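To start, the structure under review is shown below, and the notes come after it.
The values are calculated or read from the model by the stated rules, or taken from the named source; none is laboratory data. What you see is a predicted model, and the numbers here were worked out from it, not measured in a lab. Here the Cβ positions follow ideal geometry from the backbone for every residue, glycine too, while neighbour counts run over all protein chains shown. With ligands, DNA and RNA removed, areas are computed over all heavy atoms of the protein, side chains included. Shrake-Rupley method; radii C 1.70, N 1.55, O 1.52, S 1.80 Å.
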Amino acid sequence: MEKSTMKLTRKIQLLVDLPTKEERKEALDKLYQWQNRCFRAANLIMTHLYTQEMIKEFFYLSEGVKYKLADEKKDASGILNRSRTNTTYRLISNRFKGEIPTNILSNLNQFLISTFKKNLPQYWSGERSLQNFRRDMAFPFDMELISGLHFNAEKKAFCFSLYQIPFRTYLGKDFTDKRKLLQQVIQGETKLCMSHIKLKEGKIFWLPVFEIEKEKLCLKPEVIAEASLSLEYPIVVKAGKAKLSIGTREEFLYRRLAIQAARKRAQKGATYARAGKGIKRKTKAVGKFQNMERNYVHQRIHVYTRRLIDFCIKHQAGTLILLNQEDKIGIAKEEEFVFRNWSYYELMTKIKYKAEKAGVELIID
């Protein structure tokens, strides 16, 4: 039976809600320490999980060696002195005891084990390499650790405490559904699941996961909308006699190429820029274009996919079929220019997410 709920992840900036600069710096240093321990623990966990799984491949061991991954107390052939899940948790708990809350380590261990099991067939077939973690990875924690979530009218922000560190949200000119979702969590209408905190360039970002009810719209499964993705027109969709072209080559591709050309000009001009504070001063103009292309493409794709799903809802189409995608992917891989500028994967990801949220069945042909 199809689930009536789905999970959404949002990105919210947090500010440490302490009065003095010294207290805020101390709290930020503690968060950076936790992030570092999670980074080291995550790589240890993945290494041990992979070694445990591949131990049967050590064909050069003698026949008398036991290699069943089970607790020796429960299975005579087992080689472990505790449950398999507890092996990696005990490993990182002993290594980083007192340096990071154990709840974070427990959530990290469970999350990586589930991810490893999900990707295991690809590890076995050699289609996927073992996941490696960077120093700026996000670390997980439970909803149970968040205390006192409320809206402070005086500060005009949502406030809560995590491990006795007070935080307040900074939403700025936010026009998305973040405020609404947080308000629903406070009122008990929406469930908040395991979330993450990510630190980047001195800023704190909260990645909460909300479990929401899917939109209940009057859609008819027998009504089919057919869509085609291409570089010429990002999306062309039709349902019955109705047809809609979403975006144009000039709007999407030419603007993207213009940003790429501007960045190249800035890189060439940086050679003759006035110095003063090393490379940061000389490449100041290049920095403006660092994320401009990514942000532009991200925003355009959001608009295109939103218009696609709105078209399906308007015509009550309960089924959306993407036509001839395998052929187009093959062509894109052969042509470097198309592969670089099409953004097919991001387009597909957002279509799947928005279709699931609206209750539209997606079929890829």
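List of remarks:
- Complete set of residues in segment 185-203 that are within 16 Å of Thr9 (Cα to Cα) and either open to solvent by less than 40 Å² (accessible area, probe 1.4 Å) or acidic (Asp, Glu) (or both): Val185, Thr190, Leu192, Cys193, Ser195, His196, Ile197
- Matching entry among Ile113, Ile104, Ile100 (being among the aliphatic types (A, V, I, L, M) and in contact with a strand residue (DSSP E or B) (Cβ under 8 Å, 6 or more places away or on another chain)): Ile104
- Residues that are in a loop (DSSP other than H, G, I, E, B) and either farther than 24 Å from Tyr50 by Cα or touching an Asp or Glu at 6+ places or on another chain (Cβ under 9 Å) (or both) within segment 137-163 comprise Asp142, Ala153, Glu154, Lys155, Lys156, Tyr163, listed in sequence order.
- Cβ-Cβ distances below 8 Å connect the following pairs, each with a first residue in segment 295-306 that is over 11 Å from Ile235 (Cβ atoms) and open to solvent by less than 50 Å² (accessible area, probe 1.4 Å), a second residue that is hydroxyl-bearing (Ser, Thr, Tyr) and outside any helix (DSSP H, G or I), and a separation of six or more residues or different chains: Val297/Ser343.
- Residue list for segment 1-26, filter: buried (at least 18 other Cβ atoms within 10 Å of the Cβ) and part of a helix (DSSP H, G or I): none
- Across segment 261-294, the number of residues qualifying as surrounded by 13 or more Cβ atoms within 10 Å (Cβ to Cβ), of a type in the set (A, V, I, L, M, F, W, C) and part of a helix (DSSP H, G or I) comes to 6.
- Within segment 221-237, the residues that satisfy the criterion of being part of a strand (DSSP E or B), out of contact with any His (no Cβ under 9 Å at 6 or more places or on another chain) and either open to solvent by less than 50 Å² (accessible area, probe 1.4 Å) or among the charged types (D, E, K, R) (or both) are Glu222, Glu226, Ala227, Ser228, Leu229, Ile235, Val236, Val237.
- Boolean, Ala317 is on the phi < 0 side of the Ramachandran plot, modelled with pLDDT of 85 or more, open to solvent by less than 20 Å² (accessible area, probe 1.4 Å) and touching a His at 6+ places or on another chain (Cβ under 6 Å): no
- Of all residue pairs spaced 6 or more apart or on separate chains, none has beta-carbon atoms under 6 Å together with a first member in segment 209-233 that is within 11 Å of Glu361 (Cα to Cα) and touching a residue at least 40 places away in the same chain (Cβ under 8 Å) and a second member that is among the charged types (D, E, K, R) and not in a loop (DSSP other than H, G, I, E, B).
- Any hit, segment 140-159, residues being open to solvent by less than 80 Å² (accessible area, probe 1.4 Å), among the aromatic types (Phe, Trp, Tyr) and touching a residue at least 60 places away in the same chain (Cβ under 8 Å): no
- Scanning segment 90-130 for residues that are in contact with a Lys or Arg (Cβ under 9 Å, 6 or more places away or on another chain), open to solvent by less than 40 Å² (accessible area, probe 1.4 Å) and not in a helix (DSSP H, G or I) yields Phe96, Ile100.
- Filter result for Thr85 (exposed (fewer than 14 other Cβ atoms within 10 Å of the Cβ) and at pLDDT 80 or above): no
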